[in-house]
Structure formats: C-alpha cells, structure tokens
Amino acid sequence: PAECPFCGEAAGRELEEHVRARHGHLLGAPGKGNAEQLYECPMCSLTCTNIQILEEHVDLHLEEHNFSEGGDMRDLELAQQLQTEEDERQKSEEEKREREEFEKLQRQYGLDNSGGFKQQFLKNMEREVDRGRMQPFEYHKRKADMMESLASGIDDGRTKTSGVVEGLCKYYQSENKDVRRVWLSAGVDHFHSSLGDRGWGCGYRNFQMLLSSLLQNSFYNDCLRDTTLIPSIPKIQSMIEDAWREGFDPHGASHFNNRLHGSKAWIGACEIYSLLTSLRIKCQIIDFHKPTGPMGTHPRLFEWILHYYSADNGGGAKVVCTSKPPIYLQHQGHSRTVVGIEEKKNRSLCLLLFDPGFSSQQMQKLLKQNSDGTGLRLLRKFVGSLKEKQYQIVAVDGVLSLEEKAARCRASEVLTSEKIP
C-alpha cells in the first residue's frame, strides 16, 4: 500500500484524499532563506513560487501513483486476456486440423456419405458421355443393366475373365526352362474394378475371385447352397452387415458404424474372415506383421503359401492343379488374390497373383500365352517384389459345423490373427 509522504501512514488507493484531508495545510509551507514566498513539494522537494503551481504539481504525483498502481492491474488483466485468446486460437486450430484429418480419412475409406456403387457408377458414366467416350444409348443400356444387377444382387459379369488358370496349367505343362514345380488353385475367375467401384472395390473383387473357386468345388456345396451365383458388390456389403448382425467382429463393425451398404467403404482381411465364417467356411487370418528377410522382404510369407499348396499335393508332378481355394492377400491400401506359386530350379519362389486393377483386356492376353511366357510378368511376384511393412492373408481350409461357427462368432468379439514371428 502507498504510504503518505507526510506521516508515513498507509493510504492505499485513497492517498490523494488522505493528503488533502490530513496535510493540506502543509502544501503551502514557506521555503527557506527567500524573501519571496516559496513552496516545497513534500514528495520530491521541488520548490515552487506559487501555491497553485504546487497543488498542480502534487496532483501530478498523485495521478502518476494512481496510474501506476492501476496500470499494473491492467497489464495483468491484459496478459491474462491475451493468453486466453491464444489458448482459444490454438484449440480452435487443433480442432480444425482434427476435423479435416477425420474428413480426409472418411473420404479415403469411403465413409463420407458421398454415396456408394450406384452413385459412383452413374456419375462416372455421365462423365464418359460428356467426354464423348460413351454414346447416350449405351449409357441408358448400362444403367438399366446395373439397376437389374442391383435388384437381383447378382454381379453382371462385365468385369469377369474365366479360364486363365486353366490356360496357365496348359502353359506350364510345356514350359521347361526354369520352373521346377508349380501349384495352382482350381477354377478362379478374375474380376476387375468397374466404373462403380474404381478406387475402393479391391476387397470385394478379391472376395468374388475367391468365391468363384469355392462355387466350383463340390466340397463347399452345402455351405454355399444359398449363394449359387457371384453376388454384386452392394450385395456383398449387405452380406457382411448380416455377419455383423450375427455377432461377428463387433469391434470392426463399430469402425464402419455397422453399415457398408450405400457407401464406398474399403474392406480388409477381418471383413472377409467374418463373411466367410458366417457362411460356415472355415478360414484363418495369418498376419506377417514384419519383414522376415533382407531389404524389407517377407520370405516367410512365400514359405507359408508354398506349404499351403504343397502339403496335401506331394508327388513328382511338375504342374499340380490343386483343389486348394485361392488366398486373399492384404496390405496397406490394396489387396490381391494368390492363385498359385512357382518353385524355380534354383529353389526360389514366385507367387502368381490376380490383381483387381488388371483389366479384362490384360487378362485376355494371358489366354493367348506366348511360348516364352512374357505375359506371365503380369502375374508373377518374386520375394523382392513384395516389400510392404505388413501383409495379412485369409486362407480357406474346410467347412464349419453350426457349433464351430457359433464358437468362432463368440471368439470374434476379440478378433485376432495368427502372427508369424
């Protein structure tokens, strides 16, 4: 508290009133040794020749004191206000960044409510017409075909190529250069992305490839008696939702808000596992969660797939057309279908993959395979070609009883995969 310059008493904010009330008579005290009346400031000892000048001078002292004391408070309040505003600004910017990042992820994974297969198909066809690459009559015909496919739930077959695996089998029978042995899945049709699912439909197309082989294998007839034809992508979305409603993978279902139909949502190994298991098809997820070879490669992945195909298919035949279903292969951002594996004469391994990104025209060329096998470059992937950080596979290995299916449904509440160390 401010002290009175005359008596030393604490006066605080009322210093001016205290001085005038208690010591006003001293403001006119005469100076020393002068014939002229002098007045000395009690606060700084300045000598004034006029009582009015002294009063004004003392008033300045008092105003300065009040301003200084009040200024400290104002500075503190201002600093607090500025800090509050800065905190609010940073919080707002952080919320904006989080919102933009969330919206970006929603768009990336097809969860932004921008429509699904039907909306994208129509939009892309309209773009084709505008660019002169599609005639209006073709637009209306394909729209009608698409609507019929959606109503029936059956894929229209426009993106399907059949007979490639059979063509590979014939090719390997006569090819003797560097392949020691080769194992192939049976009866796998290739499906590629269309105008309706380009950019997000690879998981669904790979399921169609896997299902095309299962439907041709009598061992799975009982499981698939209600699924005799290849379903369309919207139908597959509904089938996965049905699996969720049965209780499969509740954690994964919550990621999609329990809804796929009408969206462009990406699916992966867990959704494929849930769907297959709901159909009483026995399968497992194998997680190759880190590289097991030099330069970020995954030789253990290749070894596992070799064992999958060769375990029950020994013997000395060079070309083994097995009854093994193809394998769903997933990595970050994309998935493909393994339809076979080569073992070279130097014992190196090479996977044969169907990629939904390959067009029908590219796959048709494989049906006209040259004797030098150059067309196989499209399918072949050596150990050095697969260098993603992590891979997952879904491998089918039998059928489930109703009791086994129920047990797997309960276990999927904490859906885990077998990890290869």
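Any chance you could run the full-extension gain for ARG131 through ALA407? It's 0.36 nm times the residue separation minus the Cα-Cα distance, nm to one decimal. Kindly include the intermediate steps, with their values, before the conclusion.
Working: separation 276, 0.36 × 276 = 99.36 nm, distance 5.38 nm.
Gain in length upon complete extension: 94.0 nm.
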* What is the local net charge at GLN120, summed over the other residues whose Cβ is closer than 12 Å to its Cβ (Lys, Arg +1; Asp, Glu -1)? -> +3
* Asked: What FRET efficiency do you get for ASN346 and ASP312 if R0 is 22 Å and r is their Cβ-Cβ distance, rounded to the nearest 0.05?
  -> 0.30
* **Theoretical FRET efficiency, 1/(1+(r/R0)^6), r = Cβ-Cβ of GLN119 and CYS169, R0 51 Å, to 0.05** => 0.80
* Euclidean distance between Cα centres, segment 256-309 to segment 312-358, Å -> 15 Å
* Where in segment 162-269 are there trypsin sites (Lys or Arg not before Pro) that are in a DSSP coil and have at most 11 other Cβ atoms within 10 angstrom of their Cβ? -> LYS177, ARG225
* **Exposure of TRP304 as accessible area (Å², to 10), given a probe of 1.4 Å and all protein chains** => 60 Å²
* Asked: If the cut-off is 20 Å between C-alpha atoms, which lysines fall inside it for LYS282, apart from same-chain ones fewer than 8 positions away?
  -> LYS324, LYS405, LYS419
* Asked: Could you give the Stokes-Einstein D for segment 248-339 in µm² per second, using the C-alpha Kirkwood radius, 10 °C, 1.306 mPa s?
  -> 101 µm²/s
* **Residue pairs, from the table LYS160/LYS235; LYS235/LYS365; LYS118/LYS365; LYS318/LYS344; LYS170/LYS368; LYS345/LYS387, whose Cα atoms sit over 19 Å apart** => LYS235/LYS365; LYS118/LYS365; LYS345/LYS387
* Structure fact -> Per the 1/(1 + (r/R0)^6) rule, R0 = 51 Å and r from the Cβ atoms of LEU60 and ASN257, FRET efficiency to 0.05 is 0.10
* To do: Leaving ligands, DNA and RNA out of it, report the carbon-plus-sulfur percent of the accessible area of segment 117-419 at a 1.4 Å probe.
  => 49 percent
* What is the magnitude of the charge dipole of segment 123-205 about its Cα centre, with +1 placed on the Cβ of each Lys and Arg, -1 on the Cβ of each Asp and Glu, and no other charges, expressed in debye to the nearest 20? -> 260 debye
* How much solvent-accessible surface does ILE285 expose, in Å² to the nearest 10, with a 1.4 Å probe and all protein chains in place? -> 10 Å²
* ILE272 accessible area, nearest 10 Å², 1.4 Å probe? -> 0 Å²
* Send over a whole-number figure in Å² for the accessible area per residue of segment 117-419, probe 1.4 Å. => 46 Å²
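Can you tell me how segment 117-419 classifies by the Cα gyration tensor, rounded, prolate or oblate, using a/c under 1.5 as the rounded cut?
Since a/c reaches 1.5 but b/c is at least a/b, the shape of segment 117-419 is classed as oblate.
Once you charge only the Cβ atoms, +1 for Lys and Arg and -1 for Asp and Glu, what is the size of the charge dipole of segment 117-419 about its Cα centre, to the nearest 20 debye?
Details: 42 positive and 33 negative charges, 195 e Å.
Here the size comes out at about 940 debye.
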* Determine the order of CYS7, CYS169 by accessible area, beginning with the largest, at a probe radius of 1.4 Å. => CYS7, CYS169
* Which sequence of SER360, SER152, SER401 reflects their accessible areas, 1.4 Å probe, from the largest down? -> SER152, SER401, SER360
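The values are calculated or read from the model by the stated rules, or taken from the named source; none is laboratory data. No experiment lies behind these values; they were computed from the predicted model shown. Backbone-built Cβ (ideal geometry, glycine too); neighbour counts: all protein chains shown. For the accessible areas, the whole protein counts, side chains as well, though only heavy atoms, and no ligand, DNA or RNA atoms are used. Shrake-Rupley method; radii C 1.70, N 1.55, O 1.52, S 1.80 Å.
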